[in-house]
Amino acid sequence: MGEAYRDGAQIYFEKINKEGGVNGRRIRLITLDDGYDITRAQVNTRELIEQHQALALFGHMFTNTVFASLPIATAAGVPYVAPYAGNESLYARPANHILFMTRASYSNELDALLRHVQAMGLSRVALARYDSPGGLALQKDLEEKLKAIKLAPVGVATMQLNSQQPGDAVLKIVNMHPQAIILGVSGDDAVAFVQQFNQAANKLPVQFLARSLIGGHQLAVKLGKEGRGIVISQVAPSPFNGATHISREYQAALKSANAAGRNLMASYIGFDGYIAAKVLVEGLRRAGPNPSRPALTKALETMHHWDAGDFIVNYDESDHTGSKFVTVTVIGAGGHFIE
């Protein structure tokens, strides 16, 4: 997932560099892999700041590593742009002065999913989550939102991150007889959960729902027919149908990159990366020909209701939320996403 996000950003940076860069300066994206490990994330963050003298930190992936690296960036005063996370604390007001979000929060996404649950007339909702602080935060948010609509989760089951071993969680939730399951796990863990649940439940009818960080493309490819009908919230418009200016721009950039020898496919996570890169580049433009870390921070804060191409991003001195855009998709036949 990290590679797809990086690739989406990279094709935008390459496009800008081919056009002469930003204020005559080329963009260089240095990528270090932390393997979603907290210690490695901290080491990499310090390396980018101290050795590479990074003007900004961009696109840190997932909750645990974001929370591990953000304090280091904050202490150093380095703009921390477009992390791939959505915990509510990242959207606090007044904002952390160096943190700039580009995607709607997990809570915004959960609201959209629960509206879908209500529209389907479902009431027995279970949660499969990670045994982690982020997983616990999801559980608390879900309980509060269900209480507001006079419901309560029929139960919660946990599994370990990157274990691909959801067996105990699957059996626990099967015995709850849910009508809907919120998948608070992602990637191969989510694939394993759905596969093992379907096997253990013996075709018990259930609606799976998930937030965008699940990795929808990966889910659709690896689950095949088993993935049909899974509901996934998304924090960007469709990258496939060309209905927005920025999606058409993304498709053109993909075509150009592939003509030059790349082998990239359109995806929501790649599109997220593309949008995030476009936001950062606009900040760099506004920071002037000799940007500094403080200048970039101030420049990003001038992006009031900035239109990235039928996608609005909004920052000011106290609010670095960026976007609240959420839509809901369903995995359809052939792994295609239907809005």
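Within segment 228-248, residues that are in the same structural domain as TRP306 (by TED's automatic domain parsing) and among the basic types (Lys, Arg) sit with their Cβ atoms under 9 Å from residues that are modelled with pLDDT of 95 or more and surrounded by fewer than 23 Cβ atoms within 10 Å (Cβ to Cβ), at 6+ positions apart or across chains, in these pairs: ARG248/GLY309. Taking segment 293-313 as the search range and keeping residues that are over 23 Å from the mean Cα position of the chain (by Cα) and either modelled with pLDDT under 95 or not aliphatic (A, V, I, L, M) (or both), which one is surrounded by the most Cβ atoms within 10 Å (Cβ to Cβ)? Taking the candidates together, the pick is ARG293. Candidates ALA277, ALA266: the one that is part of a helix (DSSP H, G or I), small (Gly, Ala, Ser) and crowded, with 16+ Cβ neighbours inside 10 Å is ALA277. Evaluation of ILE232 against the conditions (1) within 30 Å of ALA192 (Cβ to Cβ); (2) out of contact with any strand residue (DSSP E or B) (no Cβ under 9 Å at 6 or more places or on another chain) shows that the sole unmet condition is (2). Being surrounded by fewer than 23 Cβ atoms within 10 Å (Cβ to Cβ), touching a Pro at 6+ places or on another chain (Cβ under 6 Å) and at pLDDT 95 or above holds for only one residue in ALA180, ALA192, and it is ALA192.
Kindly establish whether LYS222 is within 26 Å of HIS60 (Cβ to Cβ) and outside the structural domain of PHE62 (by TED's automatic domain parsing).
Working: within 26 Å of HIS60 (Cβ to Cβ): yes; outside the structural domain of PHE62 (by TED's automatic domain parsing): yes.
Taking the combined requirement at face value, the residue satisfies it.
Yes/no matrix, rows are residues, columns are (1) more than 15 Å from LEU296 (Cβ to Cβ); (2) not in a loop (DSSP other than H, G, I, E, B):
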site: LYS15; (1), (2): yes, yes
site: TYR36; (1), (2): yes, no
site: GLN42; (1), (2): yes, yes
site: ILE49; (1), (2): no, yes
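Annotation: VAL221 fulfils all but one of (1) of a type in the set (A, V, I, L, M, F, W, C); (2) assigned to a helix (DSSP H, G or I); (3) over 29 Å from ARG124 (Cα atoms); the unmet one is (3). Tell me, yes or no, whether segment 273-292 has at least one residue that is at pLDDT 95 or above, outside the structural domain of PRO79 (by TED's automatic domain parsing) and of a type in the set (Phe, Trp, Tyr). No: segment 273-292 contains no residue that is at pLDDT 95 or above, outside the structural domain of PRO79 (by TED's automatic domain parsing) and of a type in the set (Phe, Trp, Tyr).
The values are calculated or read from the model by the stated rules, or taken from the named source; none is laboratory data. Owing to the predicted nature of the structure, the values given are computational and were not obtained by experimental measurement. Using ideal geometry, Cβ is built from the backbone for each residue, glycine included, and neighbour counts are taken over all protein chains shown.
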